Amino acid sequence: MSAVRVGLVDWRLPVSGPLAVMLAAQLGVDGIQLDLGGPRRAPWLDEPKRLHELQLTLAGSGLVPLAISANVLNDLGLTAKEGTSLANDVRNVIIRALNVAAELGVDLVFLPSFRRSAITDPPTLTRTAEILRWACDEASQRKILLATENVLAPKQLRTLMALVDSSNFRVVLDTGNISNLGADPVAILRTAGAALARQVHIKNTNDQQPLRAPAPAVLNTLAELRQSSVPINAMILENDYRNGELNRITADIGWLRDQLAAQSNNSMAASQNKIEASVQ
């Protein structure tokens, strides 16, 4: 776990895009997930001037661009009926997210399924799978992994994974979203298995609450990840920091780094004990 990066998401910061990269670098994290933007959100990330500024800022920051999210899909509706103008808009947004990721050298794009994109019944699950399967094909052409972020129960998640059936399909785990529905993120982690995205969102059920007072789900998830055979390369803080209280962010970063360091030390101690036992 010592090699795991700690990151932030720009849509939970008081600034976005290049300014978010600068802020994240100032706060001392290793990487950042970026939102594609859109109406009533941040400016579109693929606007030529903004994308160029972002590339320059990333190059000077030392931060790793970890993933692109298309959060505007929550406003549009991923499950829009095929053949409608809205469905065309959805596909266009996905292509734009994939193209931005390719431009930035990012290998993960994820599509959220909340609000208007929520999976609420068998028809919306089937429609979501259709779009995700198409998106996986598009992502594969760009050598990119395509992920879903949703709050499906394990049974429904297994169905979705089976319907998509793509080798580059991944599931983004979020400790807060699942817990808010009274479900167990550890059960989702185990259900996703090898399809688990290597980047995990860490936040409390109350995303204003500091991680130094974590919900059990956060601690249980971290413990399960330590035992999992799926290697995780980034833990992404997604508490809500849009009010600009930087001390809250630095406190959460410190708490998460302490947890990762403790897990690494425990793992090293366990390995040393095994070596000593084999020598005796």
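Over the chain, Cα pairs under 8 Å with separation of 6+ residues give a relative contact order of 19 percent.
Summarising the label geometry, the points placed 7 Å from Cα in the beta-carbon direction at VAL64 and ARG226 lie 2.1 nm from one another.
Close amide H contacts of LEU111 (hydrogens built in the peptide plane, cut-off under 5 Å, sequence separation of 5 or more or a different chain): ALA147, THR148, GLU149.
Per residue, the chain exposes an accessible area of 44 Å² to a 1.4 Å probe, with every protein chain left in place.
Tell me, what % of the accessible area of the chain is carbon and sulfur with a 1.4 angstrom probe? Please list the in-between numbers first.
Working: 6300 of 12420 Å².
Here carbon and sulfur together make up 51 percent of the probe-accessible area.
When nucleic acids and ligands are ignored and a 1.4 Å probe is applied, SER179 ends up with an accessible area of around 20 Å². Accessible surface comparison of ARG242, ARG212, ARG133, ARG142, probe 1.4 Å, protein chains only, largest first: the order is ARG212, ARG242, ARG133, ARG142.
Rounded to the nearest 0.05, what FRET efficiency is calculated for SER140 and ALA194 with R0 set to 22 Å and r the Cβ-Cβ distance? It would help to have the intermediate numbers written out before the result.
On the way: r = 17 Å, r/R0 = 0.76.
Result of the calculation: an efficiency of 0.85.
Put simply, the amide H of ASP35, placed in the peptide plane, has neighbours under 5 Å in ASP10, TRP11, GLY17, SER69, leaving out anything fewer than 5 places away on its chain. FRET efficiency for the ASN92 to ALA162 pair, using the beta carbon distance and R₀ = 25 Å, is estimated at 0.35.
The values are calculated or read from the model by the stated rules, or taken from the named source; none is laboratory data. Note that the structure is a prediction, hence the values are computed from the model and not measured. Cβ atoms come from the backbone with ideal geometry, glycine included; neighbour counts cover every protein chain shown. Calculation scope for accessible area: heavy atoms of the full protein, side chains included, ligands and nucleic acids excluded. Shrake-Rupley method; radii C 1.70, N 1.55, O 1.52, S 1.80 Å.
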